[in-house]
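The next block holds one structure in the form of structure tokens; read it before the comments.
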Amino acid sequence: MRELVVEADGGSRGNPGPAGYGAVVLDPATGEILAEAAEFIGVATNNVAEYKGLIAGLRAALDLAPDATVRVRMDSKLVVEQMSGRWKIKHPDMKPLAAEASRAFPRDRVTYEWIPRERNKHADRLANEAMDAGKRGAQWTPRDTSAARVAATLPPSGPPGDAAAGAARARAALAAAGPATPPAPNAPAPQDPPAAEAAAPAQAASAADPGSAPAAPTPAASAPAAPAPAASAHPVSAQGPSADAPGTAAPAPAAPAPATSAQGPSAADPGSASSPAVSAQSPVPAALATAATERSPAALERGPVPTPGPVPDMAAPATFVLLRHGETALTPEKRFSGSGGSDPELSEAGRRQAAAVADALAARGTIQHIVSSPLTRCRQTAEAVAARLGLDVVIDRGLRETDFGVWEGLTFAEVRARYPEDMDAWLASPTAAPTGGGESFASVTRRVAATRDRLAAAHAGRTVLVVSHVTPIKTLVRLALGAPPPSLFKFELSAASLSAVAYYADGNASVRLLNDTSHLRR
């Protein structure tokens, strides 16, 4: 089993005061830097910043190698002893951070080691760089762009962005050597999420019912998105909290979703047939993985690093055919069903839906690879298609649904009655997590964007069936459109529906299909 080392640190100039964190993922055998992360987090204490650095480092390790073991090295005796279980966590601010760190990477594969500060210089430097950037009103960016340059010289790696402007910005960034140019003095300080992001509640509608409604009213206005601080707030998907989640009254989003075309997925030659099987996640070149994980959340939203220089207009895109899993017993009941619950199987109706979509995809003949969420309902849906097409199923943890904490299995009305304050906070901010340490939608968006980058890089010019859930699929569509979070209230995502996004090496992403359920009506 592969081993990774995570070194993390955090600091506050004032304690509390302007704070930031830094984290680096290393190969213990070679010392190679695999990923870096840093963020200015506004006013906080040293301990909060240290925990934030730990969380960022573990998430970067999960993106790189979900099946690895991780050795965490920090100079914070408090964090090391608390996360090792030897010290009790008493401070109320530390408890949710420790719980989040425990969920960031499988706990049974993480060990903790205290090291002197002089041996933690890399993470300390990143934390100070983040604080320096915050003082300028900027976001932290990696100083070393060599990994991105290596990745950019490889064959076209799929979609560099979610809008044409994103490609131009990425090319300009790659062309610049050394530290990024600081933004203008009046650039917004990255302490808080952009207004458009913070204003987006998660929709509580179930996609099981094509006419289901979102959960709660969207705030009245959505401001244009400002640059996001590195590794912090992300726009969120706003269909229902879950693939099988409940719904109430529909909100009126402030910003309409950009129109999408309804043409089908781009055609590609079918891949060679093989016996259906479920395999581990396919490897991605180290340079590509490093380039993706070194970038800020805002860059992740724009997409993978673009291929430099002129790119033919008709270069074959990486096409994701996005398939939402079939129904489970929870779907018609509109209950929260994420990655932290009972992991239900497909119902009889769901199995019929999976068979129908398999027939439809076989008739199209364009699918060359299949990648699935690890949850049972997606695996069963993917395996039905794989058996029909003669392809393997690759499991990718980045495609899993949100973890809804203690809300799993409850209806929206039941959650509202039992945890009204937590529900209000969750609907008001994408950074709020469900009761009991669930997963925030900001965290889901970060995970999905990183997964998109890896898959697009690994499947440039190919057509991939991506079997996932409401939140990940809606997030991919929203990012491709370059649309604000409230726009996600404008479209439905039904069980066993098909959508498609094509990612081009010149910086464009194109939504080709959305919520196609015609195969279920035959």
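The values are calculated or read from the model by the stated rules, or taken from the named source; none is laboratory data. Please read all numbers here as calculations on a predicted model, not as lab measurements. Cβ sites come from the backbone with ideal geometry, for glycine too, and all protein chains shown count toward neighbours. Each accessible area value is taken on the protein alone, full model and side chains, heavy atoms only, with ligands, DNA and RNA left out. Shrake-Rupley method; radii C 1.70, N 1.55, O 1.52, S 1.80 Å.
General remarks:
- Measuring between alpha carbons in the structure, the pairs from K52/K121; K77/K121; K52/K474; K52/K95; K95/K121 lying more than 20 angstrom apart are K52/K474; K95/K121.
- Rough spin-label spacing in nm, given labels placed 7 Å along Cα→Cβ, for T376 and W87: 4.1
- Residues whose amide H falls under 5 Å from that of L4, counting only those 5 or more places apart or on a different chain, are T69, V70, R71, with hydrogens built in the peptide plane.
- Look at where the Cα atoms of the range 1-24 and of the range 109-129 average out, and the two centres are 7 Å apart.
- Rounded to the nearest 20, the Cβ-based charge dipole of the range 330-474 about its Cα centre (Lys and Arg +1, Asp and Glu -1) stands at 520 debye.
- Distance between the C-alpha centres of the range 69-88 and the range 418-457: 25 Å, rounded to the whole angstrom.
- Relative contact order for the range 1-148, counting Cα pairs under 8 Å that sit 6 or more residues apart, in percent: 31
- Surface accessible to a 1.4 Å probe, per residue, for the residues of the range 1-154, Å²: 43
- Mean separation of Cα contacts under 8 Å, 6 or more apart, over the residue count of the range 390-466: relative contact order %: 31
- Full extension of the chain between E333 and T111 yields a length gain of 75.9 nm, computed as 0.36 nm times the residue separation minus the alpha carbon distance.
- Each part reduced to its alpha carbon centroid, the range 26-41 and the range 470-522 end up 33 Å apart.
- Solvent-accessible area of S518 with every protein chain in place, 1.4 Å probe, in Å² to the nearest 10: 40
- Count Lys and Arg as plus one, Asp and Glu as minus one, and take only other residues whose Cβ is under 13 Å from that of P28; the net charge is then -2.
- Surface composition of the range 433-515: carbon and sulfur atoms hold 44% of the protein heavy-atom accessible area at a 1.4 Å probe.
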